[in-house]
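The block underneath contains the structure these notes are about, expressed in structure tokens.
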Amino acid sequence: MSIRPIVTLGDPRLRLVGERVTRFDKELGRLLDDMVDTMRDAPGVGLAAQQIGLALQLFVIEVEGQVHELANPRILHLDGEDTDFEGCLSIPGFFAERSRAGFAVVEGQNRRGRAVRVSGGGVLARAIQHEFDHLQGELYVDRLPPGTELVTVDRLREESTDGEEDLARSA
Ligand code: ZN
């Protein structure tokens with residue numbers, strides 16, 4: 001297992017649409033282990049293959065101690081609306097208020113190729129949508145309403161009444 005360098009804004013690899021994962025072998029398992037290590041080291045709540053420079057339909061999420069690994073995900077259902085600060089490990093140091101569905105259901109495959117379904121609200125729903133967008137070559141800043149300000153992590157920390165752990169929501 002190892003920590004891989006995270007690709008940042010401006011790198012064209014972030015804009016590549018991921019190809020489907022077709023081989024569920026040991027190599028995929030090692031890659032997923034590296035992605036989890038890299039996400040935790042950052043630290044973040046999610047990481048997509050594009051963020052380590054690979055154009056694959058593959059992401060990991062860790063919310064409330066639960067790790068989710070998804071290959072070839074499809075969003076089955078989105079519901080409600082939630083506006084909150086969102087950040088991206090590939091745009092380090094910044095956050096912006098972004099509106100997302102408040103509840104998400106996604107289906108994909110785990111490292112063994114088995115079908116898995118993940119559903120949830122709050123940070124998990126946001127992470128699912130954020131990572132899914134990465135797999136299409138999209139970044140959260142692409143769809144901010146005009147006039148939305150990027151806020152630095154320092155300013156967010158000063159203004160926030162949330163606990164420190166609530167600020168570590170980049171993905
Ligand atoms: Zn991101």
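Taking into account only those residues within the stretch 99-121 that are charged (D, E, K, R) and more than 14 Å from the chain's Cα centre (by Cα), which is surrounded by the most Cβ atoms within 10 Å (Cβ to Cβ)?
Ranking the qualifying residues of the stretch 99-121, first place goes to ARG111.
Selection of first residues in the stretch 135-146 that are more than 12 Å from ARG98 (Cα to Cα) and of second residues that are modelled with pLDDT of 95 or more and within 11 Å of the ligand (Cβ to nearest atom), restricted to Cβ pairs under 6 Å at least 6 apart or on distinct chains, gives the following pairs, ordered by first then second residue: LEU135/ALA48.
Can you tell me which residue in the stretch 122-165 is surrounded by the fewest Cβ atoms within 10 Å (Cβ to Cβ), limited to those that are among the β-branched types (Val, Ile, Thr) and within 14 Å of the ligand (Cβ to nearest atom)? Result: VAL141. Scan the stretch 1-25 for residues that are part of a loop (DSSP other than H, G, I, E, B), modelled with pLDDT of 95 or more and farther than 25 Å from ALA115 by Cα and the total you get is 9. The set of residues from the stretch 83-119 being within 14 Å of ILE61 (Cα to Cα), of a type in the set (A, V, I, L, M, F, W, C) and more than 11 Å from the ligand (Cβ to nearest atom) comprises ALA104, VAL105, VAL106, VAL116, VAL118.
Just to check your reading of the model, which residue among LEU28, LEU54, LEU32, LEU47 is surrounded by 16 or more Cβ atoms within 10 Å (Cβ to Cβ) and part of a loop (DSSP other than H, G, I, E, B)?
LEU54
Among the residues of the stretch 64-79, count how many are touching a Lys or Arg at 6+ places or on another chain (Cβ under 8 Å) and within 15 Å of ALA171 (Cα to Cα). Don't jump to the end; show me each part of the working.
In the first step, residues of the stretch 64-79 are kept if they are touching a Lys or Arg at 6+ places or on another chain (Cβ under 8 Å); the result is 69, 71-72, 76.
The next check asks that each one be within 15 Å of ALA171 (Cα to Cα); those that pass are 69.
Residues meeting the conditions: 1.
Quick check: anything in the stretch 64-73 buried (at least 21 other Cβ atoms within 10 Å of the Cβ), within 16 Å of the ligand (Cβ to nearest atom) and farther than 30 Å from PHE24 by Cα? Scanning the stretch 64-73 turns up no residue that is buried (at least 21 other Cβ atoms within 10 Å of the Cβ), within 16 Å of the ligand (Cβ to nearest atom) and farther than 30 Å from PHE24 by Cα.
The values are calculated or read from the model by the stated rules, or taken from the named source; none is laboratory data. Predicted model only: the values in this text are computed from it and were never measured. In this analysis, Cβ positions are derived from the backbone assuming ideal geometry, glycine residues included, and neighbour counts consider all displayed protein chains.
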